[in-house]
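This report refers to the structure that appears directly beneath it.
The values are calculated or read from the model by the stated rules, or taken from the named source; none is laboratory data. Everything quoted here is computed from the prediction, not taken from an experiment. Quick reminder, even Gly has a Cβ in these numbers, built from the backbone with ideal geometry, and neighbours come from all protein chains shown. Ligands, DNA and RNA are stripped out before the accessible areas are found, and what is left, the full protein with its side chains, is counted by its heavy atoms. Shrake-Rupley method; radii C 1.70, N 1.55, O 1.52, S 1.80 Å.
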Amino acid sequence: MANRGNWNSKIGFILAAAGSAVGLGNLWRFPYTAGNNGGGAFLICYLLSVIIIALPVLIAEITLGRFTQKNPVGAYQTIRNTWLWKGVGFIGVASGFMILSFYSVVAGWTVGYFTKSVRGHFIGITPTIAKEQFGTFAADSLFQLVLLSIFILLTIYVVSKGVSGGIEKYSKILMPMLLGILLLMLIRSLTLKGASEGVEFYLNPDFSKITAKTIVAAMGQAFFSLSLGMGTMITYGSYLSKKDNIPSAAAWVVGIDTLVAIMAGFIIFPALFSQGMNPADWGPGAMFEALPVLFDKMPLGMLFGPLFFLLLAIAALTSTISILEVPVAYFIDQKGWGRKKAACIIGAIALLFGIPSALSQGAVPALGKLPLVNTDFLDLWNFIWGNLSLSIGALMVAIFVAYVWKSQKAIAEIRGSSTFKLAPLWEVLIKYISPILIFIILLGFFL
Ligand code: TRP
């Protein structure tokens with residue numbers, strides 16, 4: 001296994017894992033999901049899900065990866081070689097294709113909005129024009145397909161260069177830059193006229209709004225944002241050195257990821273409310289409708305606009321890389337493919353799967369309003385693969401680590417490189433609390 005590659009340092013792992021976690025999930029998906037699901041009530045469910053359900057699963061995935069040094073399918077097989085667990089690993093690989101397909105569409109939008117902001121399209125913009133601009137942009141089928149292709153090609157390029165040469169290098173400077181610019185945007189957004197209404201909606205929970213759908217959306221968002229439930233963190237953990245402290249790395253990743261999501265809420269909610277937009281109507285385009293107006297009202301907005309969309313595109317790239325890496329690692333480890341071949345073939349398939357999402361925001365009206373589900377294709381795919389499939393995947397990881405591999409063996413693996421004082425707490429969470437809650441929440445949603 002000497003040729004699988006390794007992170008150069010623990011900080012390299014944290015940056016790469018945080019790079020995987022921080023992306024469109026925080027800035028695009030979190031605000032619009034929260035807006036559709038009651039704002040403050042969603043925020044509380046989300047934070048609880050992150051700490052009680054997702055963090056224990058994150059530790060489990062990283063530890064399983066480091067112990068087996070394998071991709072998800074291989075990791076399950078190493079410990080328990082049955083069709084059931086092989087199948088679970090395989091669903092993770094399949095979810096990777098599907099998430100990559102719609103995620104790259106939105107990532108393509110950030111590239112498109114970068115070029116729009118450079119060309120000065122947002123100067124003097126009003127909320128109505130911002131909405132129209134997004135509508136025209138999303139309905140341009142050729143441009144949508146070009147942007148999707150550009151983004152998948154970029155992802156293929158970085159993944160084919162391998163773990164530390166590609167992934168790690170890109171995460172190091174860009175993350176702090178992104179945090180800096182978010183802080184400036186946050187200050188501007190909070191000082192807009194009418195901002196307080198947005199803050200009120202975001203922070204003041206209306207518990208009567210909590211339904212089974214809110215809870216499943218919040219839990220799914222926690223998994224999505226932390227890249228859990230499909231084996232990304234198993235795969236990244238497999239490149240982690242035997243010397244590194246897993247619980248502290250996991251805590252850093254959760255801390256950074258959650259900070260960015262919370263900041264995103266403080267940026268988008270006040271901006272949207274000050275423009276009089278009703279959260280129940282927010283769709284996948286919400287962020288792209290809200291921010292141009294914000295930049296136009298910001299000192300040096302002409303500079304910050306392009307910089308923001310560029311950094312967001314890069315944050316999305318460090319995430320798509322981590323998604324593509326899962327199927328790629330599978331085909332390298334299990335099928336003996338070369339890295340380049342694996343990245344190209346899988347990327348091309350994800351591109352094909354991405355076409356309906358790319359055309360669902362106005363280009364092909366039939367994809368924009370599907371019968372029965374009453375939503376558009378991208379939103380539907382986002383829910384099926386980004387929520388349900390990940391939740392089931394996370395449930396299976398928890399069960400696998402706690403009962404098949406056994407939590408004590410996982411603790412021994414963690415203790416091989418660090419003290420793990422909270423081991424008894426983690427054991428209770430991963431054995432009982434986390435899997436039972438995931439199960440009940442999924443059941444509550446389906447019944
Ligand atoms: N977490 C990333 C984001 O928030 C997206 C992502 C990367 C992901 N890898 C994943 C989501 C694996 C689900 C599963 O943007």
*Residue that is modelled with the lowest pLDDT, among those in the range 2-17 that are more than 14 Å from Gly237 (Cβ to Cβ) and surrounded by fewer than 22 Cβ atoms within 10 Å (Cβ to Cβ)*: Ala2
*Sole exception among (1) within 12 Å of the ligand (Cβ to nearest atom); (2) not in a helix (DSSP H, G or I) for Ile323, by number*: (2)
*Between a first residue in the range 216-228 that is within 18 Å of Ala94 (Cα to Cα) and open to solvent by 10 Å² or more (accessible area, probe 1.4 Å) and a second residue that is within 6 Å of the ligand (Cβ to nearest atom) and of a type outside the set (A, V, I, L, M), which pairs have beta carbons less than 9 Å apart while being 6 or more apart in sequence or on different chains?*
Phe224/Gly25; Ser227/Ser20; Ser227/Gly23; Ser227/Gly25; Ser227/Ser319; Ser227/Ser322
*Only residues that are part of a helix (DSSP H, G or I), out of contact with any Pro (no Cβ under 7 Å at 6 or more places or on another chain) and open to solvent by less than 70 Å² (accessible area, probe 1.4 Å): list them for the range 403-418, please.*
Val404, Trp405, Ser407, Ala410, Ile411, Ala412, Glu413
*Of all residues in the range 113-144 being surrounded by 22 or more Cβ atoms within 10 Å (Cβ to Cβ) and assigned to a helix (DSSP H, G or I), the one that is nearest to the ligand (Cβ to nearest atom)*: Tyr113
*Could you please tell me which pairs satisfy a Cβ distance under 7 Å, a separation of 6+ or placement on different chains, a first residue in the range 11-26 that is under 13 Å from Leu58 (Cβ atoms), and a second residue that is among the polar types (S, T, N, Q) and more than 6 Å from the ligand (Cβ to nearest atom)?*
Ser20/Thr318
*Condition test on Thr82, is it open to solvent by 10 Å² or more (accessible area, probe 1.4 Å), within 16 Å of Gly265 (Cβ to Cβ) and β-branched (Val, Ile, Thr)?*
no
*Just wondering, is there one or more residues in the range 145-158 that are surrounded by 18 or more Cβ atoms within 10 Å (Cβ to Cβ), aliphatic (A, V, I, L, M) and under 30 Å from Lys297 (Cα atoms)?*
yes
*Among the numbered criteria (1) over 21 Å from Ile430 (Cα atoms); (2) of a type in the set (Gly, Ala, Ser); (3) open to solvent by less than 10 Å² (accessible area, probe 1.4 Å); (4) out of contact with any Leu (no Cβ under 6 Å at 6 or more places or on another chain), which single criterion is violated by Gly89?*
(1)
*For the range 66-83, which residues satisfy the criterion of being aromatic (Phe, Trp, Tyr) and touching a residue at least 24 places away in the same chain (Cβ under 8 Å)?*
Phe67, Tyr76
*Taking the options Phe269, Phe288, Phe201, name whichever one is within 16 Å of the ligand (Cβ to nearest atom) and either assigned to a helix (DSSP H, G or I) or free of Cβ contacts under 8 Å to residues at least 40 places away in the same chain (or both).*
Phe288
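Can you name every residue in the range 432-441 that is open to solvent by less than 50 Å² (accessible area, probe 1.4 Å) and more than 18 Å from Ala251 (Cα to Cα)?
The first filter runs over the range 432-441 and keeps only residues open to solvent by less than 50 Å² (accessible area, probe 1.4 Å), leaving 434-435, 438, 441.
Pro435, Ile438, Ile441, listed by residue number.
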